[in-house]
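The structure appears right after this line, and notes come after that.
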Amino acid sequence: MSTPFPGEIDRRLLNERSVSGRIGLQVQELDVPEQPLPDAGLLRSEPAKLPEVSQPEVVRYFTTLSTMNFSIDTNFYPLGSCTMKYNPKVNEEMAFLPGMAGIHPNQPDETVQGALQLIWELQEDLGEITGLPGVCLGPLAGAQGEYSGLMVARAYFQERGETGRTVALMPDSAHGTNPASAAMAGLEVVTVPSDSQGNVDVDALKGLVDGRTCVFMLTLPSTLGLFETNILEITKIVHDAGGLVYADGANLNALLGIVKLGDLGFDIAHSNLHKTFSTPHGGGGPGSGPVLVSESLAPYLPTPVVTRDGDAYHLGSPDKTVGRVNGFHGSFGVLVRAYAYVRAMGADGLREVSENAIINANYIRTALSDEFGIAADRVCMHECVLSPQAQKAKGTSALDISKRLIDYGIHPPTMYFPLIVPEALMVEPTETETKDTLDRFIAVMRQIGKEIYSDPDLLHNAPHDTPNTRLDEANAARNPYLRWQPDEDLSAAD
Amino acid sequence: MTTPDDRRYSDEHEWALVDGNIVTVGVTQFATDSLGDVVYVDLPESGTEIVQFDKFGEIESVKAVSDLFTPVGGKIVEVNTEVTDMPEKVNEDPYSVGWLLKVEVSDAASQLEKLIDAAAYDQLTAE
Amino acid sequence: MTTNTSPYIPNTDADREAMLAAIGVKSFEDLVQDVPAEHRFPDLDIRQSLSEFDLTAEIAALASRNATPGEYACFLGGGAYRHYIPSVVKSVVARGEFLTSYTPYQPEVAQGTLQVGFEFQSMICEITDMEVANAGMYDGPTAFAEGALMACRVTRRQKIAILDTVEPRNIEILDAYSRHQGIEIVLIGHDGDIPDDASCLMFQSPNQFGGIEDMAALADKAHAVGALAVASVNPTSLGMFRSPGECDVDIVAAEGQALGVPLSYGGPYVGLFACKDAHKRQMPGRIIGRTTDTKGRIGYALTLQTREQHIRRERATSNICTSTALIGLLMTTYLAVIGKEGFRKVAELCYHKAHYAASQIAKLSGYTVKSDGPFFHEFLVECPQSPADINRALLDRKIIGGHDLSDRSPNGMLICVTETNTRDEIDALVEALSNIGQPSAGNGGK
């Protein structure tokens, strides 16, 4: 965070600053004759009660609000599974080129050949990187990509007459969107336990796959940051039972140029462009969640997919498409950024991404696992999961450690996920951080480790100097206050 | 808070307190300790018929949601609206002000045999 | 000593050597021994890395092959709209603290994102006159589908009735979302009956042909059978037209793109979602609430999270996780800048310009304006030739014509006029249509 100057930040909302008569924009005058209005009963009885603020006030308000955020541009974010890497500025410039940001989705194909070529080339590149050549860049986020992939699986089995395949198997460490998407796809969720080494329990899996298995959904590396030791055996077990294997590609940052999902036996995957491919998180989106499949499943992909015919590019529907999951062609602005990233990195660059991500994570693991505990004591991939149970026994939780990191200007790691690790703190440094930053993180964690014993209240009451200290989330849920209401004064606190 | 011995318990962390043919139902201290601050309780309407051990509602904290399984079956004759308005009552005292339902039960004795006593419940939660 | 190749990967060979030594391995290969050897380190057949200079040239070349509204006059709508985006909007969204921050799960370091999100929710309530709104969804059509699914949860009914003037694409999306949940979709006409086991009636205003629907009457019709009214609205139109809240609609969805978001070939956009307070715990998506901190100061946090996938998993109200927060910021800034007066003015400009254009086109022989009821800024025209042919001819005159609806209305073209179309542009369109529409030898008008 960067505060422009010391002192209290004015937290009043726009409606609390509003003064009748102020305007923020001079709107142009009507240059055609006024036309007859429709029936008064169809019109608003009074104008919408939007705030009335001047332009300088708008700029100051939003700019000041932004200074209350941590961001990659200002802070280190070791957020496991989120891949908070640097978001290249040139990608922003490319996405905002008028020829990219200004084109309308309903324009005829022949008027947007540059856009279609970009989408087609990105389809090809992502297909090559993952080894899954059937690609649809339409889904607007990972969860939508997951749902699309599951629809493809269901359509595939429906066509083969295998309508009894209604079970989605997944490890107990699966990300919440996996069972949520499976439920939406009408699949029964069955959990497969992990072993003490953080791998899928292969014997348990063998006992659970059968003629009812539609898919086995696996994150690779796992949500513990570990590469499945028995991955080839796992995909074979599922295929032998007639099921399909789905890769949750959230952790793809560990696999670029290291291994292809298709080579390992995966049939379907989704990728998160706002993780692996450097597009900005934006405070919670927009994302993009392409769905990628093997050749034989490509006809089922959602609409639309771009095809090439000589020099001409077309937007079309795969022959047996599962249909459409969103309004237009995908998060095109995000695709432009991802395309720019892939072109900038090239094949060698992408492999260096994963190599450095893996080295950085292992460096942190080596330095901190003795003191803070580790979910599984083995080499990790691009992230590691600490498990500070000794500290919890002393009365300081993973939450307290996380909040104290904020006082040092570091965003907390991912907390309490995966669910199977007690006091989980998932740390993913990414490849865009320097060794100095990692050394500082390690030093800060060790310092916090000492504070747990010397001055635990520093942690229990952390963070201390942020614009808000810990917020009463129980109250927020018990008495939801979800929009501005008039006649509330600023000090309202029940 | 010690586990009151005037009532019976289920292994889903619910209690049942008998008074004639009306049984009052609630969740245990162990349940509220695990949940943390209760923020919302979703209860059925009075008059609803429920079956012993079936799900009848949900209880939410900030970070978790749990199903509620009734320790007895019968017809709901009263729902604790205080708890739906102020869910923190469940944390305050889950065994008295934090009660959830009152159920009219015709075969209380035989249903209660399927529940365990305070000592057995304490042993269950000690594991 | 070699220099790095990528500016985005700071560690040098020396750094890596030191780290590998600290880890206790000899080389990087030692860290990936779990990856099956036969598949390790595959060749990636993608192009070489590019310098920033070459990268920008290549992408600029792609961009130059697109016909861009602005260089061309644009009369195209159909779910996405060209409006003027004030400079303030673009400068605010360029702030790295907004652009590169994460989902606000740690509220103490995300009050910027959270307070913006609270403003966003408040503004949606203000323009729709609904009681609560969420912090945004993927886009209008998916928000609309999620609204219908929510109605099924609230009413515990498994049937959805949709008015046949809803954009067919929205119905396709609803089908994709509901297909595996045992939900039946029933299409009805204005005079049709809503099945008494329907969870909701879905309708859209303006509808697929640009026409304004009588939302109050439709809501009444739904309520009469115990169903909810689920409406998809155009947010710009709410500057003039009666809001869904005033019409007793239960759930509202909308595409927020028209409010300060670039067209960007279809995305990223933002889905608006609002409903009556009684149903808020069944709302999908993230919700931001106001509360206080340990010092009693007001702050904001994500709330009612137990509806969401990260807690409720397979019983979540939706699988949505990452949404569209940054686009919500664009919209919030836009509404802050144009404000109460501007919101009304922009709607009126669109209305009058569109009606002027319609009245001029109605005078042309060979063209018929089919929109006979009230409309906002889009209207249906029956053309003397296929819209595809007309649009090709318009392109030669540097005009992007209307949306081709000939699949559902003979030679139908949906023309959209916004405040970005000057009178000169509109007059030039009319003249061009007049010239193109002249029947000539060998060119039958059908």
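What follows draws every value from the coordinates through simple rules; no lab data is involved. Remember, predicted model here, so these are calculated numbers, not experimental data. As a convention, Cβ positions derive from the backbone with ideal geometry for all residues, glycine included, and neighbour counts pool all protein chains shown.
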Q | Cysteines without a disulfide-compatible partner [chain A; Cβ-Cβ under 4.7 Å] | A | A:CYS82, A:CYS136, A:CYS214
Q: Sort B:2-15, A:338-351 for me by packing, meaning the mean count of neighbouring Cβ atoms within 10 Å per residue, highest on top.
A: A:338-351, B:2-15
Q) Considering amide H positions built from the backbone, and no H for Pro or chain starts, which residues 5 or more places from C:CYS74, or on another chain, come under 5 Å of its amide H? A) C:ILE400
**Q.** Long-range amide H partners of B:LEU68 with built H, under 5 Å
**A.** B:PHE56, B:GLY57, B:GLU58, B:ILE59
Q: Could you tell me what fraction of 2.2 N^0.38 Å the Cα radius of gyration of the protein assembly as shown comes to, as a two-decimal ratio?
A: 0.94
Q.
Let me confirm one metric for peptide A:112-125, namely the mean number of other chain beta-carbon atoms within 10 Å of its residues' beta-carbons.
A. 4
Q | Cut-off 15 Å between beta-carbons: net charge of the residues surrounding A:LEU187, Lys and Arg +1, Asp and Glu -1 | A | 0
Q. Taking amide H positions as placed 1.01 Å from N in the peptide plane, with prolines and chain starts having none, which residues 5 or more places from A:LEU79, or on another chain, fall under 5 Å of its amide H?
A. A:MET84, A:GLU428
(Q) Test of the criteria: in segment A:1-62, which trypsin sites (Lys or Arg not before Pro) are in a DSSP loop and have at most 13 other Cβ atoms within 10 angstrom of their Cβ? (A) A:ARG12
Q. Counting DSSP beta bridges in chain C, what percent are antiparallel, to the nearest 5?
A. 55 percent
**Q.** Using alpha carbons only: equivalent-ellipsoid semi-axes of segment A:124-231, gyration tensor based, whole Å
**A.** 22, 19, 13
Q | P(r) histogram, all alpha-carbon pairs of segment A:368-450 included - 5 Å bins from 0, percent | A | 3, 15, 27, 29, 19, 7, 1
Q: Could you sort B:98-106, C:229-237 so that the peptide with the highest average Cβ count within 10 Å comes first and the rest follow in order?
A: C:229-237, B:98-106
Q | Estimated vicinal HN-Hα couplings, Hz - segment A:450-457 in sequence order (Karplus 6.51, -1.76, 1.60; Gly, Pro = x) | A | 6, 4, 4, 8, 8, 7, x, 4
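For chain A, compute Rg over Rh where Rg is the Cα radius of gyration and Rh is the Kirkwood radius from the inverse mean 1/r over Cα pairs.
Radius of gyration over Kirkwood radius for chain A works out to 1.01.
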Q: Could you check what % of the DSSP bridge pairs in the protein assembly as shown are antiparallel, to the nearest 5?
A: 65 percent
**Q.** Per-residue average of Cβ from other chains inside 10 Å of C:211-220
**A.** 1
Q) Roughly how crowded by other chains is peptide C:165-178, in terms of the mean Cβ count from those chains within 10 Å of each of its Cβ atoms? A) 3
Q: Quote the convex hull volume per residue of segment A:90-345, based on C-alpha atoms, as a whole number of Å³.
A: 121 Å³
(Q) Suppose only helical runs count, i.e. DSSP H with n ≥ 4. What mean residue ellipticity at 222 nm does that imply for chain C under -39500 (n - 2.57) per run, divided by all residues and rounded to the nearest 500 deg cm²/dmol? (A) -11000 deg cm²/dmol
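Which entries in the list A:LYS275/C:LYS90; A:LYS49/C:LYS276; B:LYS63/B:LYS89; A:LYS89/C:LYS276 go over 30 Å, if you measure between the two C-alpha atoms of each?
A:LYS89/C:LYS276
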Q) Relative contact order of chain C: what whole-number percent is it, with Cα pairs under 8 angstrom and at least 6 residues apart? A) 19 percent
Q: First select every other residue whose beta carbon is under 14 angstrom from the beta carbon of C:LYS370; then total the charges, Lys and Arg +1, Asp and Glu -1.
A: -2
Q | segment C:88-333 - convex hull of the alpha-carbon atoms, volume per residue in Å³ | A | 128 Å³
Q | Reach of A:LYS320 by Cα under 27 Å, taken over lysines that are not fewer than 8 positions away in the same chain | A | A:LYS236, A:LYS260, C:LYS159
Q. What list of ³J(HN,Hα) couplings, whole Hz, do you get for segment A:153-162 from phi and the Karplus terms 6.51, -1.76, 1.60, once you set θ to phi - 60° and write x for glycine and proline?
A. 4, 5, 5, 4, 6, 4, 5, 7, x, 8
Q: Decide, for chain C, between rounded, prolate and oblate: order the square roots of the alpha carbon gyration tensor eigenvalues as a ≥ b ≥ c, take rounded if a/c falls under 1.5, and otherwise choose prolate if a/b is larger than b/c, else oblate.
A: oblate
Q. Quick one: Karplus J couplings for segment A:474-483, per residue in order, coefficients 6.51, -1.76, 1.60, θ = phi - 60°, nearest Hz, x for Gly and Pro?
A. 5, 5, 4, 8, 6, 10, x, 10, 10, 7
Q. Listed highest first by mean packing, meaning other Cβ atoms within 10 Å per residue, what order do A:180-192, C:154-166, C:423-435 come in?
A. A:180-192, C:154-166, C:423-435
**Q.** Net charge of Cβ neighbours under 10 Å - reference A:MET381; Lys, Arg +1; Asp, Glu -1
**A.** -3
Q.
Under the √(5λ) rule applied to the eigenvalues of the Cα gyration tensor, what semi-axes describe the equivalent ellipsoid of segment A:178-231? Give them in Å, descending.
A. 20, 14, 8
Q: With +1 on each Lys and Arg Cβ and -1 on each Asp and Glu Cβ, and nothing else charged, work out how big the dipole of segment A:90-345 is about its Cα centre, in Debye to the nearest 20.
A: 380 debye
Q: Only Lys, Arg, Asp and Glu count, each charged at its Cβ (+1, +1, -1, -1), so figure out the dipole size of chain A about its Cα centre, rounded to 20 debye.
A: 380 debye
Q | Computed [θ] at 222 nm, helices only, for chain B once each DSSP H run of length n ≥ 4 contributes -39500 (n - 2.57) | A | -5500 deg cm²/dmol
Q | Extreme residue, positive dipole direction of segment A:350-475, given options A:CYS380, A:ILE358, A:LEU405 (C-beta unit charges) | A | A:CYS380
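Give the relative contact order (percent, whole number) for segment A:90-345; include only Cα pairs under 8 Å separated by 6+ residues.
Value for segment A:90-345: 29 percent.
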Q | Ellipticity estimate at 222 nm from DSSP helix runs (n ≥ 4, -39,500 (n - 2.57)) divided over chain A, nearest 500 | A | -11000 deg cm²/dmol
Q: Would you mind telling me the antiparallel percentage of the DSSP bridges in segment C:88-333, rounded to 5?
A: 40 percent
Q) If you bin the C-alpha pair distances of segment A:15-123 every 10 Å from 0, what whole percents do you get? A) 9, 18, 24, 29, 17, 4
